[in-house]
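The values are calculated or read from the model by the stated rules, or taken from the named source; none is laboratory data. Computed from a predicted model, the values in this text were never measured in an experiment. Here Cβ is always computed from backbone atoms with ideal geometry, including for glycine, and neighbour counts include all displayed protein chains. Heads up: the accessible areas ignore ligands, DNA and RNA and are worked out on the full protein's heavy atoms, side chains in. Shrake-Rupley method; radii C 1.70, N 1.55, O 1.52, S 1.80 Å.
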Amino acid sequence: RKERFYFGKPFEQRVQFAEVIRAGDLVFVSGMSAIDDEGRVIAPGDPEVQGRAVFETLKAALGLAGANLSDVVMETEFITDMALYKPIARIRREYFPEKYPTATLVEVKGLWKPGLVFEINAIAVLDAEQREGSEETRSR
């Protein structure tokens, strides 16, 4: 059984994918980027501000399905220029301080909206307690 979760932002009506899907113990998070509630890019071109916004959005997305950052087992990061990665790596260490997930970093020519420099997707695994607690969470 799959459950889909959304943030409920107005622009989500136009996209054709779920922000988060929970399938059993697994939580899959779509690419999270630095976008505000109206669909505008946050701090275009700024890797530090976008990095923090992306990790906060990832944290919130995981929470929709009853997971948290410590449950992440794999993540893929997309960046438009490797020269911008240093501040993002520093911020990443704040969000994954000890138990690092597996990770892949990919440099891309561009992301889905001009001004975006960083995006992340993730897979998390829920433990039995989280799974039971999140049964009360309702998807839209």
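One residue stands out in segment 82-124 among those that are more than 14 Å from Gln50 (Cα to Cα) and of a type in the set (Lys, Arg): the one that is surrounded by the fewest Cβ atoms within 10 Å (Cβ to Cβ), namely Lys109. Of all the numbered requirements in (1) touching a helix residue (DSSP H, G or I) at 6+ places or on another chain (Cβ under 7 Å); (2) β-branched (Val, Ile, Thr); (3) under 26 Å from Asp25 (Cβ atoms); (4) assigned to a helix (DSSP H, G or I), Thr57 misses one, and that requirement is (1). So, of the residues in segment 68-81 that are within 16 Å of Leu126 (Cβ to Cβ) and more than 12 Å from the chain's Cα centre (by Cα), which turns out to be surrounded by the most Cβ atoms within 10 Å (Cβ to Cβ)? Filtering first and then ranking leaves Asp71.
Scan segment 118-136 and tell me whether some residue there is touching a helix residue (DSSP H, G or I) at 6+ places or on another chain (Cβ under 7 Å), part of a loop (DSSP other than H, G, I, E, B) and either at pLDDT 95 or above or of a type outside the set (Phe, Trp, Tyr) (or both). Yes, segment 118-136 contains at least one residue that is touching a helix residue (DSSP H, G or I) at 6+ places or on another chain (Cβ under 7 Å), part of a loop (DSSP other than H, G, I, E, B) and either at pLDDT 95 or above or of a type outside the set (Phe, Trp, Tyr) (or both). Restricting attention to segment 39-48, the residues that are in contact with a Pro (Cβ under 9 Å, 6 or more places away or on another chain) and either modelled with pLDDT under 95 or part of a helix (DSSP H, G or I) (or both) total 3. Report, by residue number, each residue of segment 1-38 that is open to solvent by less than 20 Å² (accessible area, probe 1.4 Å), in contact (Cβ under 8 Å) with a residue 60 or more places away in the chain and not in a strand (DSSP E or B). Residue satisfying the conditions is Ala34 alone.
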